[in-house]
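What follows is a short report on a single structure.
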Amino acid sequence: MASLFKKVGVVGAGAMGAQIAEIMALNGFDVVTRHRTEESKERALNDVDKALQSLLRFNSNRAEKEIRKMEQTYGLTLDEEQKSKVKEKLKSEFTEEMMTDAKSKIQPTLKLEDFNDVDLVIESVVEDINIKREIFNKIDKIAPENAIFASNTSTLLISEIAAATQRFDKFIGIHFFNPPVILPLIEIIPGIGTSKNTVESVFNFSKTLKNHRGLMKPIMVKEVPGFLVNRVLLAMLNEAFSLYEEEVASVNDIDIAMKSGAGMPMGPFELADLIGIDVLYHMNQSIKEMQGGNVTPKPIQLLRKMKAIGQLGRKTRKGFYEY
């Protein structure tokens, strides 16, 4: 599939977009990222550098961590030969040379005109259909005719965004999950006009992608409001928000309950802060407007109030928790 997609354009290089660009570069693709300002460009490049440095440290320290775990947790005493075998088995799969190469593949720009030779466009801007449609309408006049357009929207209908272009058959949803460098899932969502060839090309391409932890896992999802994961996720989060508003339990205790009793790796409020209160608010609004999914009105007020005063979660260091 690398022969089909050689250069990828990413629009909206915030936290999500920057990580999508990094994944593409790690997989050997040339990447052009479009930014609105010089400041946002530098911030995105800095985020990419930090993420790659983190990946390098993770790979470099795997063997030593495993040896400490075996000796301290399991009470084993390894001789030098055994330690060497562990180090050989867990030797770093990511080197400084690979990191430098990945960074060199990302070319930032402030101009959409630099998307004139991309094979695939991935949009990851704010969850506002008018903004997305405006961007794709502009790129449609710039990108090659055979380029495929993909939106990373988490709730909006693909067909409605595609309507702003003249390439309905080459338009598809490719929804990564935050943070995409760690989480492997990708929802592939065809619009009503998406061709079979586009679906197959994007799905097969997605199957080859690797993030920081391994191969990514694309699934096919029907075009409905909220798609699959967010339909389930928002129903759960909204129920947690309702329990908090009804004073059934505190934020911390609800999180403890869901982690200790339901086996969740993080509680619903911890997850909400990670996703972003503003993102959840827009997701809820989008699904409610399209009358899809189990979206209750009461928690929307809580999210709206938090959004209004800038308590957006980890990104602002304060949401349901302080960071």
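All of the numbers you see were taken from the coordinates with simple rules; none came from a lab. On a predicted model such as this, the values are computed, not experimentally measured, just so you know. A quick note on method: Cβ atoms are made from the backbone with ideal geometry, for glycine too, and the neighbour counts reach across all protein chains shown.
Listed values, structure above:
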item	result
Part-to-part distance (alpha-carbon centres) for the range 81-108 and the range 179-229, which is given in Å	27
Net length gained if the chain between Asp169 and Thr100 were fully extended (0.36 nm per residue, minus Cα distance)	21.2 nm
Built amide H within the under 5 Å cut-off of Asn211, gap 5+	Met216
Sorted by Cβ density within 10 Å, fewest first, the residues Ser286, Ser154, Ser242, Ser201	Ser242, Ser201, Ser286, Ser154
Cleavage-rule hits (trypsin sites (Lys or Arg not before Pro)) in the range 1-49: DSSP loop, at most 14 neighbouring Cβ within 10 angstrom	Lys6, Arg36
Qualifying GluC sites (Glu not before Pro) in the range 66-152, DSSP loop, other Cβ atoms within 10 Å at most 15	Glu93, Glu145
Long-range amide H partners of Glu123 with built H, under 5 Å	Val11, Ala150, Ser151, Asn152
Quotient of Cα Rg and 2.2 N^0.38 Å for the range 229-316, N being how many residues it contains	1.03
Residue exposure sequence - Thr153, Thr77 - by fewest surrounding Cβ within 10 Å	Thr77, Thr153
Exposure proxy order (Cβ contacts within 10 Å, fewest to most) of Val199, Val248, Val31	Val248, Val199, Val31
Student exercise, the range 229-316 dipole from Lys, Arg, Asp, Glu Cβ charges, in Debye to nearest 20	340
Span per principal axis, largest first, for the Cα atoms of the range 65-223 (Å)	66, 34, 28
In order through the range 196-206: 3J(HN,Hα) via Karplus (6.51 cos²θ - 1.76 cosθ + 1.60), integer Hz, x for Gly, Pro	4, 5, 5, 4, 5, 4, 6, 5, 5, 4, 5
Highest-first arrangement of 170-182, 47-59, where packing means the average Cβ count within 10 Å	170-182, 47-59
Cα Rg, Dmax (largest Cα-Cα span) when computed across the chain, Å	21.3, 66
Per-selection Rg to Rh, the range 173-323 - Cα, Kirkwood hydrodynamic radius	1.01
At most 14 other Cβ within 10 Å, DSSP loop - GluC sites (Glu not before Pro), the range 220-323	Glu246, Glu247
Formal net charge of residues neighbouring Phe269 (Cβ-Cβ distance under 14 Å; K, R +1; D, E -1)	-4
